[in-house]
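Q: Take this structure first; my questions come after.
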Amino acid sequence: MLSFLERLIPVHRREQLEHAWFLARQDLMLASRNVFRQRRRTSVSLIAIIGGVAAMLLASGFFEWNYDTMREGAIRARIGHVQITREGFAEGGTADPLRYLMAETSEDRKLIEAFPQVDTLAPRLSFTGLISIGDSTTSFAGEGVDPEREKKASGALTILSGQDLSGIDANEITVGQGLADNLKLQVGQTVVLLANTGSGGINAIEVKVAGIFATITKAYDDFALRIPLKTSQRLLRVTGVHTWLVLLERTGQTDSFLDKLRPLLKTPGLSIVPWYETAAADFYNKTVSLFSKQVLVVKLMIAFIIVLSISNTMMTNVRERYGEIGTLMALGDTRAKVLRRFLAEGAVLGFAGGVIGSIVGVGAARFISWVGIPMPPPPGMANSFVAGIMVTPGLVFEAIFLSVTTAVLAGLYPAWKASRLNIVDALRHAR
Amino acid sequence: MSIVVLEHVSKEYRLGDHMVRALDDVTLSFESGVFLAIAGPSGSGKSTLLNVIGCIDMPSSGRVVIAGHDISGQTPDQLASLRARTIGFVFQTFNLFPVLTAEENVEYPLLQMEELDKVDRRERVKEMLELVQLGKFAKHRPSQLSGGQRQRVAIARALVTRPELVLADEPTANLDHKTGEGILALMRDINRRYKTTFIFSTHDKKVIDAADRLVGIEDGTVRILGVRKEGQWAITNVARRAAATTDTEAAAPKR
Ligand SMILES: Nc1ncnc2c1ncn2[C@@H]1O[C@H](COP(=O)(O)OP(=O)(O)OP(=O)(O)O)[C@@H](O)[C@H]1O
Ligand SMILES: [Mg+2]
């Protein structure tokens, strides 16, 4: 390691670097002592920074919770992490679903299921048809699913009444809340499903309503029904499926999983789509980019408030230490060094405030999440919900970074002022 | 060689709409190794003179050469470096850094000297604290030291870079008589042992008597030059203009 460094950096350069590092440590040591010596003044500034950082974490953590819930909800209710279909299914599947059938099981499927990060692989068959009870008939979007596997893949789907599908071959369905309301369906009633078959004819079956469900997407619940895979294949008189829905242990694994999987699949003409590229994720992506801009405005406002509330104290700090500044310069410190000293004090203040503010923010976030934030149903979604606040390490890092930059910024003018003092005038203030 | 050379140095301040002449055509030179007192009534220009010699103030006109460096036309950074290496300061109000311990205060001027490593610095600091008899107080903060002790730390800090010149503006004015005498004796001792040049201002007769050279100023002009030989002052009164080419040594008539 050292010999490597020696070859990389010539000795005299290394000595310079070491000296620079030594000076930087010296700066920070002096700065922290000065900052923490002025207890009362420092605590006034610290409180402003801590409040700002905590507020920022709560605001961005609230949005993060919403993004996360929305994303995980969509992934676990319908999208999955990776969807594997025949090429062209995404575009042409709705008009002519039966053209894009693929095998229910194959070598490739076994290969995917062998990945350690794969939680489950759920086969799905998508189709449209008509549903009738008594005199009422309406269209539906149906999904043939394997109930056993869907327990994981549809974790974010809530059964409002009745129960979930009981087996892959059961003669029953679950119905989305909007669709059920539309037909005034009750659990236990028998309905008729009508659909085009693979051979071009029309087929109908009678099934029982086992339960009524809701997802976080109201538009989906208004038309959706779910049916055991074998039952749907019987209705359509086909054997294949449309989609292998792959659910991973964690959403963060998606890209690395894709990279590993792509070269391994043997079946030609497969399309492998990560969750964020699906049409269903579009709404999520747009929402995130919209709200991220709004959160950015909030962050800037908070940064601005921090600057306003601490720059005054930082000016006082410089003004009260004119004598010390004069002494520093008389002893041979350059203007640049004096500037650096005071900027370092801002950085130390910002860092301390950022760390304490993060602790306060995370604590407050935990508490608020524990109490819960009651929320009305968002547009396009079915039900009201209780929100929480999710503070990720990334947000904490960002908050500390912001508080350090903000404090340095607030100290910029006072530090510059300090570095430009006339030495003799400054010394006259010494006491 | 003269360590300080001033030629026709004037310093003017604007006060409202009239000018104050703090220094009026001062010409002086001091050799290395002197223990020199600048005396004069309040407002006579003692501090201004010391500030110009210390390169923390620029004259309005005239030439200033300190340890061979002509300071006119030098940038603030060049002057800072000159101060860091050749001049030590002792202040009336001690001016220690309150957040640093005695030894850290003494070490401070050494930090920017790249040629010294940690061991060198520690050695020098220890040596200096011993010299001012404060070895036991190395870890004390200024607030835990008496006035006399603080001024000793300040002297150690001024000397640690081994400067050629130490400037002290009324170093004993904030100390009681006995402590002040101790400080003077210490500076005198260092001056003898290391041949470090000391220039200090005062209006205290007792302090003047500790010096071996004297510059008396009044209204910004040099009025008296004195040399002490075998305990006796040889005083020259300087006519207003005649001071122009005077050296303290040359000006003093041998008795
Ligand atoms: N920044 C300034 N602005 C205006 N006038 C000044 C300034 N500094 C000094 N003076 C004036 O210059 C003259 C000399 O001041 P200086 O401080 O050198 O006197 P001093 O001999 O040190 O006095 P003291 O014994 O009281 O310290 C005084 O008349 C003073 O008012
Ligand atoms: Mg003075």
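The values are calculated or read from the model by the stated rules, or taken from the named source; none is laboratory data. Please read all numbers here as calculations on a predicted model, not as lab measurements. A quick note on method: Cβ atoms are made from the backbone with ideal geometry, for glycine too, and the neighbour counts reach across all protein chains shown.
Q: Among the residues of the stretch A:82-94, is there at least one that is at positive phi and touching a Gly at 6+ places or on another chain (Cβ under 9 Å)?
A: yes
Q: Oh, and also: Would you call B:Arg223 modelled with pLDDT of 90 or more, over 14 Å from the mean Cα position of the chain (by Cα) and among the basic types (Lys, Arg)?
A: yes
Q: Which residues, taken from the stretch A:339-360, are buried (at least 24 other Cβ atoms within 10 Å of the Cβ) and under 20 Å from B:Ala80 (Cβ atoms)?
A: A:Phe342
Q: Something else about it: Here is a list of conditions, (1) closer than 23 Å to B:Leu214 by Cβ; (2) away from ligand 1 (no atom under 12 Å from the Cβ), and B:Ser44 meets all of them except one; can you say which number that is?
A: Single failed check for B:Ser44: (2).
Q: May I pose another question? Just for the stretch A:318-351: of the residues that are among the small types (Gly, Ala, Ser) and within 38 Å of the chain's Cα centre (by Cα), which one is nearest to the other protein chains (Cβ to nearest Cβ)?
A: Looking at residues that are among the small types (Gly, Ala, Ser) and within 38 Å of the chain's Cα centre (by Cα), I get A:Ala344.
Q: What's the total number of residues in the stretch B:13-31 that are surrounded by 16 or more Cβ atoms within 10 Å (Cβ to Cβ), within 9 Å of ligand 1 (Cβ to nearest atom) and not basic (Lys, Arg)?
A: 2
Q: Starting from residues that are surrounded by 21 or more Cβ atoms within 10 Å (Cβ to Cβ) and within 14 Å of chain A (Cβ to nearest Cβ), keep the ones in the stretch B:171-203 and report whichever is farthest from ligand 2 (Cβ to nearest atom).
A: Looking at the filtered set, the residue picked out is B:Pro171.
Q: Has the stretch B:145-156 got any residue that is assigned to a helix (DSSP H, G or I) and within 10 Å of another protein chain (Cβ to nearest Cβ)?
A: Yes, there is a match, as at least one residue in the stretch B:145-156 is assigned to a helix (DSSP H, G or I) and within 10 Å of another protein chain (Cβ to nearest Cβ).
Q: Here's something else I'd like to know. Say we look at the stretch A:22-35 and pick out the residues that are farther than 11 Å from A:Gly346 by Cα and in contact (Cβ under 8 Å) with a residue 40 or more places away in the chain; which of these is nearest to the other protein chains (Cβ to nearest Cβ)?
A: Looking at the filtered set, the residue picked out is A:Leu30.
Q: Does A:Leu157 qualify as being farther than 17 Å from A:Ala280 by Cβ and buried (at least 16 other Cβ atoms within 10 Å of the Cβ)?
A: No; evaluated as a whole, the condition is false for this residue.
Q: Can I ask one more? Do we have any residue at all in the stretch A:43-62 that's surrounded by fewer than 15 Cβ atoms within 10 Å (Cβ to Cβ), free of Cβ contacts under 8 Å to residues at least 40 places away in the same chain and within 14 Å of another protein chain (Cβ to nearest Cβ)?
A: no
Q: Tell me, which residue of the stretch B:60-103 that is within 16 Å of ligand 1 (Cβ to nearest atom) and surrounded by fewer than 16 Cβ atoms within 10 Å (Cβ to Cβ) is nearest to the other protein chains (Cβ to nearest Cβ)?
A: B:Ser60
Results for (1) closer than 17 Å to A:Gln186 by Cβ; (2) out of contact with any strand residue (DSSP E or B) (no Cβ under 8 Å at 6 or more places or on another chain); (3) part of a strand (DSSP E or B), shown as yes or no for each residue.
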{"site": "A:Thr138", "(1), (2), (3)": "yes, no, yes"}
{"site": "A:Ala141", "(1), (2), (3)": "no, no, yes"}
{"site": "A:Gly144", "(1), (2), (3)": "no, no, yes"}
{"site": "A:Glu148", "(1), (2), (3)": "no, yes, no"}
{"site": "A:Lys152", "(1), (2), (3)": "no, no, no"}
{"site": "A:Ile159", "(1), (2), (3)": "yes, no, yes"}
{"site": "A:Gly167", "(1), (2), (3)": "no, no, no"}
{"site": "A:Ala170", "(1), (2), (3)": "no, no, no"}
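Q: Right, something else. So in the stretch B:32-57, with the set limited to residues that are away from every other protein chain (no Cβ under 12 Å) and touching a helix residue (DSSP H, G or I) at 6+ places or on another chain (Cβ under 7 Å), which one is nearest to B:Lys229 (Cα to Cα)?
A: Among those that are away from every other protein chain (no Cβ under 12 Å) and touching a helix residue (DSSP H, G or I) at 6+ places or on another chain (Cβ under 7 Å), it is B:Phe35.
Q: Right, another one. Which of the following residues is within 23 Å of A:Leu193 (Cβ to Cβ) and not assigned by TED's automatic domain parsing to the domain that holds A:Arg226: A:Ala141, A:Ala77?
A: After applying the criteria, what remains is A:Ala77.
Q: Please name all residue pairs, on different chains or six or more residues apart, with Cβ atoms under 6 Å, provided the first residue is in the stretch B:161-178 and is within 19 Å of B:Ala67 (Cα to Cα) and in contact (Cβ under 8 Å) with a residue 60 or more places away in the chain and the second residue is in a loop (DSSP other than H, G, I, E, B) and small (Gly, Ala, Ser).
A: If the second residue must be in a loop (DSSP other than H, G, I, E, B) and small (Gly, Ala, Ser), the pairs left are B:Glu164/B:Ala67; B:Leu167/B:Gly54.
Q: Regarding B:Gln133, is this residue facing another protein chain (nearest Cβ under 9 Å), of a type outside the set (Phe, Trp, Tyr) and not in a helix (DSSP H, G or I)?
A: no
Q: Here is a follow-up. Out of all the residues in the stretch A:133-187, which are at pLDDT below 90 and either in contact with a His (Cβ under 9 Å, 6 or more places away or on another chain) or of a type in the set (Lys, Arg) (or both)?
A: A:Arg149, A:Lys151, A:Lys152
Q: Moving to a separate point now. Within the stretch B:1-106, which strands (runs of 3 or more DSSP E) (wholly inside it) include 2 or more residues that are within 16 Å of ligand 2 (Cβ to nearest atom) and farther than 25 Å from B:Arg193 by Cβ?
A: B:2-15, B:18-31
Q: Which ones in the stretch B:147-164 are under 12 Å from the mean Cα position of the chain (by Cα) and surrounded by fewer than 23 Cβ atoms within 10 Å (Cβ to Cβ)?
A: B:Pro163, B:Glu164
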